[in-house]
Structures are given as C-alpha cells and as structure tokens.
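S.K.: Here it is, the structure, as structure tokens.
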Amino acid sequence: MQALIDVILPVFLVIGAGYLVVWKKLFSDDGVDALMRFTQYFAIPCLLFRAISTLDLSENLDPRLLLSFYAGATICFVLGMFGARFLFNRPWEDCVAIGFCGLFSNSLLLGLPITERAFGPDALQANYAIIAVHSPFCYGLGITVMEVVRNRGGSPLATGRAVLRAMFRNALVIGIALGFVVNLTGLYIPTPLSDAIDLVARTALPVALFALGGVLFRYRPEGDLRTIFFAVTLSLLVHPMITFAMGTQLELPTQSLRSAVLTASMAPGVNAYVFANMYGVAKRVAASTVLIATALSIGTIWLWLAVLP
C-alpha cells in the first residue's frame, strides 16, 4: 500500500489533474495539443539528448537488458497482430496497429517517473538504455511491417524509402541520434547551451504527464471490447512476465531487472494512438486501449513492484 501512495499515485494525480481541467473546460483542447507538441517535439527530445549524451554506453547498454525487454515487446507485437487477425478477424492494417499497442510501452511518461520514485534517480540508467533504442526499434518495426502490409506486391525500394522517411521525421529519434553523436565523439557543448537544454529537459515529464491527462479525456472506450482487453493484457501482463522470466534466466543485475520489468509493465503510450492515427486504422481500439490500460496500470504496477526484488 505504501508503494501505491508514495510511488504511483503522485504520477497519476498529475495525469488526473490534466484530465480534470479539460473535463471541466478550464483548459482548452488547443492548449493540450500545444503542450503535447512542446513535449513531443522539444522537451522530451532534449531530455533524451541529455540522457544519451552522458550515458555510460559500455556499462549500461547490457545486451541481456535489451534482449529481455525487446524480446518481450516483439513477442507481444506478433501475438497482438496475429491474435487480432485470427481471433477477431481484423484487416491486416488494423492488426499491425493493434500489435503496436502491445509493442510500445509508455517508457517515458510513466516508466521514468515511476522508476525514479520507486528506486531513486540512480536507478534510471537502465531505463535510459532501454529508451535509447525504444523509439527507433518500435517505430522501425511497426512502420516496416505496416508498409510491407500496405504495399503488398509493391517495390521493396519504395517500401524502404517510406520506412526511412517516417523514421527520420520523428523528433524523439532525432534527439536520441544527436545524443549518440555527442556521446561517441566527445563533442563539447558550451555551458550556456548545456544549461538551456537542461532547463527545457526538466519540464518534459511533468508537462507531458499533465498533457497526457488532457489527451486521455478525449478517448472513449469504444470499439470491440474483447480486442481492447486482449491488447491491454499483452501490454500490462504478458510483456512484463516475459521480461521478468528472461531477465531472471539471464541473471540481470537487480537494478537492471527492476527497470526492465517496470518499463515493460507500463501501459501503451499515446504513441500507440499516434501510430494508428498516422495510418488511419484501428484508431478507436488504440485510443481505448491507451485509456483503459493507463487506468488499470495503477493496480498492475503496484503488483509488479511487490514482485520485484
């Protein structure tokens, strides 16, 4: 119960505040969109740039950590895609978007603050290692499969161009890539610029959590509830179970295991809806999955905190 009060509730109170002010019309939809654009295109890329540029790659990019987390994510993507096709008879384009809900955990807006509150700032290095490849991996996999499905019988060269174009328009991927450039080259960043980046980065999580609450107000639990709860189960239970089992088998250090399992247990981020909206498929299912999984994750995160060493 103490973990619920001290770790989880403060994060969800910020989300709830954003939901409440939009519900009561104290904050406009345009304002929420502006906050979300600020975080997605500026603040979070600055946060990721700063984190990756100073990350000890040799110590924190542990192959066991990445294998445990991303094997679970990939399995859930495949299960979601084929489950949507063969259990619920959805079109293939819908299936890819539904699979993406099982693939993309909310590693930034929920994973970082909850891990920090549970285990302290020093526990975040493994989180940043996961996040370093999270957007490139998930968008790369999702976009590639979607473009292949959409261009069945089309030119592989055209499909490859579409994938690369979508990837390198993503601000999160750009922030991560620039962070790697600075990290690997040792490029010096002048102190005034570094301090300015830090100022923007510090706003990322609280502003994004507040904006997430406002965005979630728009979502309604519509569409096929069986499909929605199938996607929710993959995200909140199956992914962290696979990650926990693999991480334990691979003898991950305790701190890395905690970060991997907690990150895997997060609800799908708004990016799951953004991905569906980008292709105009399964939007209601994706939106409802984000909303319901975010609400249910209050309980499931508490469960995983109790299970972790």
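S.K.: Looking at the chain, do any whole DSSP H helices span at least 27 angstrom along their long axis by alpha carbon and average 0.5 or above on Kyte-Doolittle, and which?
M.R.: Helix filter hits for the chain: 63-86, 125-150, 283-307.
S.K.: Per the helix-only calculation at 222 nm, which mean residue ellipticity applies to the chain, given -39500 (n - 2.57) for every DSSP H run of n ≥ 4 and division by its residues, nearest 500 deg cm²/dmol?
M.R.: Result for the chain, helices only: -23500 deg cm²/dmol.
S.K.: Specify the longest stretch of the chain that does not include any exposed loop site, a site being one of the trypsin sites (Lys or Arg not before Pro) with a non-H, G, I, E, B DSSP assignment and at most 16 other Cβ atoms within 10 Å.
M.R.: 26-151
S.K.: Moving on to the next point. Restricting to Cα pairs below 8 Å that are 6+ residues apart, what does the relative contact order work out to for the chain? Please round to a whole percent.
M.R.: Relative contact order for the chain comes out at 34 percent.
S.K.: While we're here: Equivalent ellipsoid semi-axes for the stretch 110-154, as square roots of 5 times the alpha carbon gyration tensor eigenvalues: give them largest first, rounded to whole Å.
M.R.: 35, 9, 4
S.K.: Please check: in the Gaussian network model of the chain (C-alpha springs, under 10 Å), which one of MET146, MET246, MET278 has the largest mean-square fluctuation.
M.R.: In this elastic network of the chain, the residue with the biggest mean-square fluctuation among MET146, MET246, MET278 is MET278.
S.K.: I would also like to ask the following. Share of the stretch 166-284's accessible area from carbon and sulfur, percent, 1.4 Å?
M.R.: 65 percent
S.K.: Okay, next question. Leaving out ligands and nucleic acids, and using a 1.4 Å probe, what accessible area per residue does the chain come to in Å²?
M.R.: 44 Å²
S.K.: Using the Kirkwood formula over every pair of different C-alpha atoms, what hydrodynamic radius in Å results for the chain?
M.R.: For the chain, the Kirkwood estimate is 19.6 Å.
The values are calculated or read from the model by the stated rules, or taken from the named source; none is laboratory data. Just so you know, these numbers come straight off a predicted model, no measurement behind them. For neighbour counting, all protein chains shown are included, and Cβ atoms are generated from backbone atoms with ideal geometry for every residue, glycine included. The accessibility values were calculated without ligands, DNA or RNA, using every heavy atom of the protein model including side chains. Shrake-Rupley method; radii C 1.70, N 1.55, O 1.52, S 1.80 Å.
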